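These notes concern the structure reproduced below.
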Amino acid sequence: MNIIKKRNLFFAISCLLIIIGLVVLITSGFNYAIDFTGGTLLQIEMGKTIEVSEIREITDEFDAKAEIIHAGENKSQVIIKTIVDLDNKKRQEVFGKFQEKYELTEDDLLQARKIGPAIGDEIKRKAILSIFAATVGMLLYITVRFEFLYGVSAVIALIHDVCIALAFYAVFKVPVNSSFVAAILTIVGYSINDTIVVFDRIRENMRIMKKESYEDIINTSISQTIIRSINTSFTTLLAIASLYIFGVEAVKDFALPLIIGVVVGTYSSIFIASPVWYLFKNGGKKRTKRA
Amino acid sequence: MNKRNAVIFLLIIAVVGMLTYSSFYGLNLGKFELVPVKDDIKLGLDLEGGVFVVLEAQTDLTGEDLKEKMIEAKSIISERVDGLGVTQPVIVIEGDKRIRIELPGIKNTQDALDMIGKTAKLEFTDPQGNVVLTGENVRKSKMGFDQYKKPAVDLQFDKDGAKKFAELTKILSTKSTDEERVIPIILDGKPISVPVLQRGLIISDGKAQITGKFTVDEASNLATLIRAGALPLEMKEMESSVIGPTLGLESLDKSVYAAGIGLIGIFLFMIIMYRIPGFIADIALTIFILLVLGSMILMKASLTLPGIAGLILSIGMAVDANVVIFERIKEELRAGKTIRSAVDAGFKRAIKTVMDANITTLIAGIVLFYFGTGPIKGFAVTLVIGIIASLITAVFVTKYLLKLIISLNITKNNKLYGA
């Protein structure tokens, strides 16, 4: 398995994916959930599936642009999202109309939320800040435990993973909500974890295989750790996939990007992090024999 | 020696089995009662249902002045919330000028939101409707009893308020009709009480009592309303959420079910891939989950939906630690070592990797905890607890159990160790 030799192929694939994501992002943007845009949300248990047009008869009065989606096992729930700011009284009024028309009880109002747009800004700010702080922290740790170039390579792989995850959000219109930040940071954590295991083996092999080229050392290290990478990703995916398949909506939104994150994190630790480290190393010392 | 170890091993399995059983169904051991985890663990709003509101102060104040007023506002809100009888409310100041209020399990969401969200402006006027005092002058407002032991509302004004109130009562006390001696209390432009000043009474110490045909509830309600109006800052509802208990319970059951299926898949996978060590890993993973749930109960950390996701992820990390170790052992076995020395060497080499990988993720988790709010924090808490528990189980539990089972000399077949 010669990963270093084919490195440009992997770099090209990743760049392509990220560029596609960027293009979509610039042209149509993220699908921001109300956590970010601000607005209101009502989730009501209707007891049976009600046509959207019928729901609109009530909601148009309050906001003609309200987004209406069905939810729940039998599509018997309805989620109404509006950008228009409905305060608690208004929300109660909307629910009251439904209550009257469909003979619902108080308990059928599953949730009612209002989010100010400033909250979204704050989440964005904190997200960027925390990712930056986490990256610096991890870079420091890796520099101390390994060396700076390992850290930089790991961080590049990590940025790669985050970019691909963002591209995924943009292309597949996954709602960007408050758990988005947690998802991205999980991807950061997972990506680093996976990369470290591979780097750890490279570091060890650097001592054992003193005469070999960087290329051979990296290829050997990856082949030694690849079964572990696959098994770990598989078990983690098993857990997340079952959440995605059996979980509720809120968890699904969260689980989907995580699935992508785990797959990309595994991919990048093998096909991006190590080749990038190789580029750094090969640029510096002449210890490489051409293959 | 061998027999003793076998007994220890079986004992461990029995204890783990018992604890697992009790975490599902609870257990009665004479005096001790183990409550099922589901009943003992604190649930976040998203799972239990309830109300949460974020209020933002509408003010230009900054620094110490703002801080002081915010603390005051917080304590007033706490008092309002107390009146609602919520068991574990969370009221925290977020950032400079926001207050987050979480009221888990509350049923009457409308009342709660009304009570908290009310950014009331309270005024005491003279009979002509001129504002004499505002809510800012009210230092205390609580339910009390009058001289006939009937429910009443006790008020106490601050210095400035006491002075103004004394002036007002001095003028009013001489008037002859009741209508001329009213002191309307106006909340958001609406009179909530129109007490009549007793003839000839001048209140100069800033302590007033509103009496009338109050029931206990009415009196305490009025007292709360007056307090509510005493918010030192105007608060605006930034964000609010009402989650019905039905949605919460459905989420919990479904998530537990999903987690269960995921875990069974992982357990089977580990046994298929790694045979005996895989079985050990399954025991260690069970201990890991018990550890995490146990520490969450002890730390009173609440389990949220993102928390469940964080938990699942840390299970992934815990599995990874075992996988890294077992893959190393496999390598050592293939290199021709005996099972015993392969386990020793494999552990020694793998632990370093496991530590480095977990600590880097731990750093991310801690940062997340530090900067995150609400759901993100819930996620970070479980992730951090999970990583620590995963390190403990990988470094100690897996190792101990694996050595124990080797000492039993059940088999010399390397294949059963995954090689």
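The values are calculated or read from the model by the stated rules, or taken from the named source; none is laboratory data. Please read these numbers as outputs of a predicted model, since none were measured by experiment. For neighbour counting, all protein chains shown are included, and Cβ atoms are generated from backbone atoms with ideal geometry for every residue, glycine included. Heads up: the accessible areas ignore ligands, DNA and RNA and are worked out on the full protein's heavy atoms, side chains in. Shrake-Rupley method; radii C 1.70, N 1.55, O 1.52, S 1.80 Å.
Compute the whole-percent fraction of alpha carbon pairs in the range A:9-124 spaced more than 23 Å apart. Mind showing how you got there, number by number?
Working: 2776 of 6670 pairs.
Beyond 23 Å sits 42 percent of the P(r) for the range A:9-124.
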In chain B, with Lys and Arg counted as +1 and Asp and Glu as -1 at Cβ, which of these residues, B:SER78, B:THR382, B:GLY135, has the Cα nearest the positive end of the dipole, that is, farthest along it? B:THR382
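Can you give the helix-only mean residue ellipticity at 222 nm for the protein assembly as shown, where every DSSP H stretch with n ≥ 4 adds -39500 (n - 2.57) and the sum goes over all residues, rounded to the nearest 500 deg cm²/dmol? Write out the running numbers ahead of the final one.
On the way: 22 runs with 430 residues, N = 710.
The per-residue figure over the protein assembly as shown is -21000 deg cm²/dmol.
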Taking DSSP loops as anything outside H, G, I, E and B, show the longest stretch in chain B free of trypsin sites (Lys or Arg not before Pro) there with at most 10 other beta carbons within 10 Å. B:32-148
Which log10 I(q)/I(0) values does the range B:280-404 give at q = 0.14, 0.15 Å⁻¹ under the Debye formula, counting every alpha carbon as one identical point scatterer? -0.59, -0.66
Under the rule a/c < 1.5 gives rounded, and otherwise a/b versus b/c splits prolate from oblate, where does the range B:130-222 land using the Cα gyration tensor? rounded
Summed side-chain charge close to A:PHE271 - residues other than A:PHE271 whose Cβ falls under 13 Å, Lys, Arg +1, Asp, Glu -1: +1
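Would you work out if the range B:1-82 is rounded, prolate or oblate? Take a ≥ b ≥ c from the square roots of the eigenvalues of the alpha-carbon gyration tensor; rounded if a/c is under 1.5, else prolate when a/b is larger than b/c, oblate otherwise.
In terms of gyration-tensor shape, prolate.
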When chain B is treated as a GNM, springs tying every alpha-carbon pair under 10 Å, which of B:ASN221, B:ASN322, B:ASN358 comes out with the largest mean-square fluctuation? B:ASN221
Normalised radius of gyration for chain A, please: alpha carbon Rg relative to 2.2 N^0.38 Å, two decimal places. 1.27
Cα gyration tensor of the range A:1-46, axes a ≥ b ≥ c as square roots of the eigenvalues: rounded (a/c below 1.5), prolate (a/b > b/c) or oblate? prolate
Would you work out the relative contact order for chain A, in percent, from Cα pairs under 8 angstrom that are 6 or more residues apart? 25
Do any of A:LYS89/B:LYS236; A:LYS211/A:LYS281; B:LYS300/B:LYS352; B:LYS69/B:LYS142; B:LYS67/B:LYS140 go past 25 Å between their Cα atoms, and which? B:LYS300/B:LYS352
Would you look at the GNM of chain B, springs on alpha carbons closer than 10 Å, and say which of B:ILE280, B:ILE264, B:ILE76 moves the most? B:ILE264
Need the per-residue list for the range A:191-219: every residue with at least 30 Å² less accessible surface in the complex of protein chains than in the chain by itself, probe 1.4 Å, sorted by number. A:ASN193, A:ILE196, A:VAL197, A:ASP200, A:ARG201, A:GLU204
Got the relative contact order for chain B handy, in percent, Cα pairs under 8 Å and 6 or more residues apart? 19
Partner shielding of B:345-357, taken as the mean number of other chain Cβ atoms within 10 Å, equals 4
Going by accessible area, probe 1.4 Å, with all protein chains left in place, what is the ranking of B:LEU362, A:LEU243, largest first? B:LEU362, A:LEU243
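Report, as an integer, the average count of C-beta atoms from other chains found within 10 Å of each Cβ along B:322-334.
On the way: counts 3, 10, 8, 1, 2, 9, 4, 0, 2, 2, 0, 0, 0.
Mean shielding by partner chains, rounded to a whole number: 3.
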Can you tell me which of A:ASP87, A:ASP200, A:ASP216 moves the most in a GNM of chain A? Springs connect C-alpha atoms under 10 Å apart. A:ASP87
With every protein chain in place, what's the accessible area of A:CYS15 (1.4 Å probe, Å², nearest 10)? 70
Qualifying trypsin sites (Lys or Arg not before Pro) in the range A:1-72, DSSP loop, other Cβ atoms within 10 Å at most 13: A:LYS5, A:LYS6, A:LYS48, A:LYS65
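Which trypsin sites (Lys or Arg not before Pro) from the range A:66-146 combine a DSSP loop assignment with at most 15 other Cβ atoms within 10 Å?
Details: sites: A:LYS75, A:LYS81, A:LYS89, A:LYS90, A:ARG91, A:LYS97, A:LYS101, A:ARG113, A:LYS114, A:LYS124, A:ARG125, A:LYS126, A:ARG145; in loops: A:LYS75.
Answer by residue number: A:LYS75.
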How high is the relative contact order of the range A:130-284, in percent, counting Cα pairs under 8 Å that sit 6 or more residues apart? 35
Please report, largest first and rounded to whole Å, the three semi-axes of the ellipsoid equivalent to chain B, where each semi-axis is the square root of five times an eigenvalue of the C-alpha gyration tensor. 65, 21, 16
For the protein assembly as shown, build the convex hull from the C-alpha positions and give me its volume per residue in Å³. 202
Let me confirm one metric for peptide A:127-134, namely the mean number of other chain beta-carbon atoms within 10 Å of its residues' beta-carbons. 5
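Ordering B:THR177, A:THR105 by accessible area with a probe of 1.4 Å, largest first, what comes out? Show your work: numbers first, answer last.
Details: B:THR177 55, A:THR105 80 Å².
Most to least solvent-accessible, the answer reads A:THR105, B:THR177.
Within chain B, which DSSP H helices have Cα atoms that stretch 30 Å or more along the helix axis and a mean Kyte-Doolittle hydropathy of at least -0.5?
Numbers: long enough: B:2-25 (34 Å, 1.16); B:245-298 (44 Å, 1.65); B:305-334 (43 Å, 0.88); B:339-371 (46 Å, 0.90).
Result, helices passing both filters: B:2-25, B:245-298, B:305-334, B:339-371.
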Would you report the distance distribution of C-alpha pairs in the range A:173-291 as whole percents per 10 angstrom bin, up to the bin with the largest distance? 13, 37, 25, 16, 8, 1
For the range A:73-231, the percent of all C-alpha pairs falling in each 10 Å bin, from 0 up to the bin holding the max distance, is 8, 25, 23, 17, 12, 9, 5, 1, 0
